[in-house]
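Enquirer: Quick one: the structure is below, questions incoming.
The numbers here are math on the coordinates, done by the rules we state, and not lab data. The structure presented is a predicted model; accordingly, all values stated were derived computationally and were not measured. Counting neighbours? That spans all protein chains shown, and the Cβs are built from the backbone with ideal geometry, glycine included.
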Amino acid sequence: MKTVAEVAPEFRDSLGGEMLRIRDLHAYYGESHILHGVDFDVRRGELVTLLGRNGAGRSTTLKAIMNMVGRRTGSITINGNETLGMKPHRIPRLGIGYCPEERGIFASLDVEENLLLPPTVRSGGMSLDEIYTMFPNLYERRRSQGTKLSGGEQQMLALARILRTGARLLLLDEITEGLAPVINQTLGEVLMTLKERGMTIVLVEQNFRFAAPLADRHFVMEHGRIIEEISAAELPSQREHLNTLLGV
Amino acid sequence: MTMIFGVPLAVFMGQLMLGLINGAFYALLSLGLAVIFGLLKIINFAHGAMYMLGAFTTLLGMNYLGINYWAALIITPLIVGLFGMLIERVLLRRIAHLDHLYGLLLTFGLALIFEGTLVNFFGVSGARYPTPEALQGGFKLGFMFLPTYRAWVLGAALVVCLFTWYMIERTRLGAYLRAGTENPALMQAFGVNVPLLITLTYGFGVALAAFAGVLAAPLYPVSPTMGSNLLIVVFAVVVIGGMGSIIGAVLTGLGMGLIEGLTKVYYPEAASTVIFVVMILVLLIRPAGLFGKEA
């Protein structure tokens with residue numbers, strides 16, 4: 001297997017540097033206070049997961065990074081840029097791709113239009129050919145209406161369209177939700193490939209068995225904060241403790 | 001003389017032509033309304049006023065600045081479109097987070113203000129705008145006389161409608177517009193400046209109305225109330241066509257113009273109400289409109 005530096009030499013120097021840094025993040029939807037001081041960092045080229053029960057604030061954390069919630073306080077730096085005061089459409093231009101939980105496939109666009117929709121934010125994104133090689137199903141159905149695809153294909157599409165944009169930091173919200181094991185296996189392989197290409201990935205995941213072999217570190221959330229950080233190396237000894245935290 | 005169901009062919013074709021011309025205006029106006037409604041979710045009650053401002057800008061531009069008809073075709077939609085963008089930026093954006101009914105009320109209020117202001121200065125009788133020289137006269141088609149200007153209006157309106165359809169359905173900007181209509185928050189998360197897209201869309205919809213106003217100037221008296229008279233019918237057309245599709249707005253506009261024209265031939269008393277009768281029937285059978293998506 002090639003190392004990241006071999007695949008993407010331009011990232012050799014910056015590898016291991018900080019891609020995302022969140023400090024004392026509070027977020028509110030109207031009157032309700034959802035995040036209560038979230039702190040964590042993600043290093044360049046890392047894949048981390050946000051684990052936790054429903055309502056722990058994992059999806060809200062991703063939305064808060066994208067400035068899609070109401071009010072936010074604290075600090076979110078991406079590649080060294082403080083983004084808390086930034087307009088929502090400026091944030092993705094720092095090189096972020098966001099894949100929402102509901103997938104957000106557009107019904108009024110066909111598959112290829114959906115793929116081509118997100119504007120390029122950085123150079124070095126995957127070409128349409130590369131994407132079709134990675135997801136042959138999407139090529140076969142490129143003229144179909146986006147929402148006519150199966151759940152698995154829609155998820156592939158939601159993921160594929162942010163790979164074209166040149167984003168280096170991917171925020172993926174529950175991408176395995178409701179999908180068949182065979183499709184999850186494909187998604188897992190795609191994530192491994194992306195990691196090899198030097199992408200930094202934050203994965204909100206319910207399916208721990210999917211996330212465990214992929215991730216470098218796991219953050220466990222509860223009541224709008226990070227309560228535990230577990231590295232991949234610590235995972236075997238912490239498994240039972242983690243199960244208790246997640247209530248599985 | 002050839003007769004069609006007891007009506008001379010020339011009369012029949014003449015009314016059909018008039019119907020098509022009216023239909024072209026319905027199409028242009030309902031198209032703009034549909035585009036605006038799609039992204040802003042606002043029923044733009046100021047649309048008739050924008051059409052009227054288009055005609056007035058053309059008239060005043062000629063009288064005071066010597067801007068001829070051909071230049072007005074470009075300049076007027078630009079000026080009125082920019083004015084619309086200003087309205088969106090300064091007023092509509094402030095209430096965008098409220099119930100969309102407030103947008104309807106605000107635009108209705110704006111329409112009254114524009115109309116009232118112009119009535120104050122120019123009265124309601126209306127002024128004539130000369131038909132441009134190149135478009136005077138007409139063609140003898142054998143079965144009817146076709147005034148050049150009317151043929152031009154029909155052609156120009158169709159080209160602009162087709163252009164709009166192409167822009168929205170076949171270009172990248174149009175894909176942004178369609179996607180922004182569905183899920184503006186996600187479009188922002190992709191890095192698209194949605195507030196700017198909204199401003200441009202409102203400006204474009206209003207510019208379409210203003211373009212219709214320029215086309216109308218030599219045909220109808222240019223008066224402050226010309227828009228509100230037309231807008232009620234256009235709303236009925238929009239309801240019949242449904243808010244779902246661009247092509248739907250255009251086809252319904254032309255179709256309703258034709259139905260109105262035919263009614264004028266066979267039962268003139270009903271000509272001004274036939275569109276509303278169709279609207280009631282459509283609402284009973286297909287509440288989402290002929291081309292609308294069922295909710």
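Enquirer: Mind pulling the angle between the C-alpha long axis of helix A:151-163 and the longest principal axis of chain A? Nearest 10 degrees, somewhere in 0 to 90.
Expert: Result, in degrees: 90.
Enquirer: Note down the magnitude of the dipole of chain A about its Cα centre, charges +1 on Lys and Arg C-beta and -1 on Asp and Glu C-beta and zero elsewhere, to the nearest 20 debye. All intermediate terms of the calculation are to be shown ahead of the outcome.
Expert: Details: 29 positive and 31 negative charges, 111 e Å.
In total the dipole reaches around 540 debye.
Enquirer: To the nearest 20 debye, what charge dipole does the range A:55-95 have about its Cα centre, counting +1 at the Cβ of each Lys and Arg and -1 at the Cβ of each Asp and Glu? Numbers along the way, then the final one.
Expert: Details: 7 positive and 1 negative charges, 28 e Å.
About 140 debye.
Enquirer: Which residue, B:ALA157, B:ALA27, B:ALA271, has the most motion in a Gaussian network model of chain B that connects Cα atoms within less than 10 Å?
Expert: So, out of B:ALA157, B:ALA27, B:ALA271, the one fluctuating most is B:ALA271.
Enquirer: Of A:GLY178, A:GLY17, A:GLY104, which has the largest mean-square fluctuation in a 10 Å C-alpha GNM of chain A?
Expert: Sorting by GNM fluctuation, first place goes to A:GLY178.
Enquirer: Within a 10 angstrom radius of each residue's Cβ in B:166-178, how many Cβ atoms of other chains show up on average? Whole number is fine. Each step should come with its number before you reach the end.
Expert: Working: counts 0, 0, 1, 1, 1, 0, 4, 0, 3, 8, 2, 1, 6.
Average neighbour count from other chains, rounded to a whole number: 2.
Enquirer: While we're on this one: Using the 10 angstrom Cβ neighbour count as an exposure proxy, how do B:MET50, A:MET19 rank, fewest first? The partial results should precede the final answer.
Expert: Numbers: B:MET50 31, A:MET19 24.
By the 10 Å Cβ count, ascending, the order reads A:MET19, B:MET50.
Enquirer: Where both residues lie in the protein assembly as shown, what percent of DSSP beta bridges are antiparallel, nearest 5?
Expert: Values: 31 of 49 bridges.
In the protein assembly as shown, approximately 65 percent of DSSP beta bridges are antiparallel ones.
Enquirer: Per residue of A:113-122, count partner chain C-beta atoms within 10 Å of its C-beta, then hand back the mean as an integer. Walk me through the numbers before you get to the answer.
Expert: Numbers: counts 6, 2, 0, 2, 9, 7, 7, 1, 2, 0.
That works out to 4 on average.
Enquirer: Hey, rough spin-label estimate for B:VAL11 and A:GLN145, points 7 angstrom out along Cα→Cβ, what's it come to in nanometres?
Expert: 4.7
Enquirer: Just subtract the alpha-carbon distance of B:LEU105 and B:LEU82 from 0.36 nm times their residue separation and send over the number in nm, one decimal.
Expert: Working: separation 23, 0.36 × 23 = 8.28 nm, distance 2.13 nm.
Between B:LEU105 and B:LEU82, full extension yields 6.1 nm more.
Enquirer: Next up: Using the charge dipole of the protein assembly as shown (Lys, Arg: +1 at Cβ; Asp, Glu: -1 at Cβ; taken about the Cα centre), state which of A:LEU187, B:VAL265, B:GLY48 has its Cα farthest towards the positive end.
Expert: Ranked along the dipole, the leading option is B:VAL265.
Enquirer: What nm distance separates the two modelled labels at B:VAL277 and A:SER231, each placed 7 Å from Cα along Cα→Cβ?
Expert: Taking the simple label geometry, B:VAL277 and A:SER231 are separated by 8.2 nm.
Enquirer: Set Lys and Arg Cβ to +1 and Asp and Glu Cβ to -1, take the dipole of the range B:18-285 about its Cα centre, and tell me which of B:PHE276, B:ALA96, B:ILE240 lies farthest positive.
Expert: Farthest towards the positive end: B:ALA96.
Enquirer: Which of rounded, prolate, oblate describes the range A:118-200, given a ≥ b ≥ c as roots of the alpha-carbon gyration tensor eigenvalues and a/c under 1.5 marking rounded, otherwise prolate only if a/b is larger than b/c?
Expert: Taking the square roots of the gyration eigenvalues as a ≥ b ≥ c, the range A:118-200 is oblate.
Enquirer: Write down the percent of antiparallel bridges among all DSSP beta bridges whose residues are both part of the range A:17-246, to the nearest 5.
Expert: Roughly 60 percent of the beta bridges in the range A:17-246 run antiparallel, per DSSP.
Enquirer: Would you mind giving the mean number of other chain beta-carbons within 10 Å of the Cβ of each residue in A:100-110, as a whole number?
Expert: Working: counts 4, 0, 2, 1, 8, 3, 9, 5, 13, 5, 1.
Counting other chains' Cβ atoms within 10 Å and averaging over A:100-110 gives 5.
Enquirer: Under a crude label model (7 Å from the Cα following the beta-carbon direction), how far is A:GLU130 from B:VAL90 in nanometres?
Expert: 4.8
Enquirer: Compute, for the protein assembly as shown, the length of the dipole vector about the Cα centre, with Cβ point charges of +1 (Lys, Arg) and -1 (Asp, Glu) only. Units Debye, rounded to 20.
Expert: Working: 42 positive and 40 negative charges, 201 e Å.
I would put it at about 960 debye.
Enquirer: With unit charges on the beta carbon (Lys/Arg positive, Asp/Glu negative), name the residue among A:ASN114, A:PRO92, A:SER75 whose Cα is farthest towards the positive pole of the charge dipole of the range A:50-140.
Expert: A:SER75
Enquirer: Using the number of other C-beta atoms within 10 angstrom as an exposure proxy, rank B:CYS161, A:CYS99 with the fewest first. Before the final figure, lay out each step's value.
Expert: Values: B:CYS161 22, A:CYS99 25.
In order of increasing Cβ crowding within 10 Å: B:CYS161, A:CYS99.
Enquirer: Can you compute the helix-only [θ] at 222 nm over chain B? Use -39500 (n - 2.57) per DSSP H run of at least 4 residues, normalise by all residues, nearest 500 deg cm²/dmol.
Expert: Details: 11 runs with 208 residues, N = 295.
After summing the helix terms and dividing by residue count, I get -24000 deg cm²/dmol.
Enquirer: Another question, then. Could you list A:LEU116, A:LEU163, B:LEU283 so that the one with the fewest beta carbons within 10 Å of its beta carbon is first and the one with the most is last?
Expert: On the way: A:LEU116 16, A:LEU163 25, B:LEU283 13.
Starting with the residue having the fewest Cβ neighbours, the order is B:LEU283, A:LEU116, A:LEU163.
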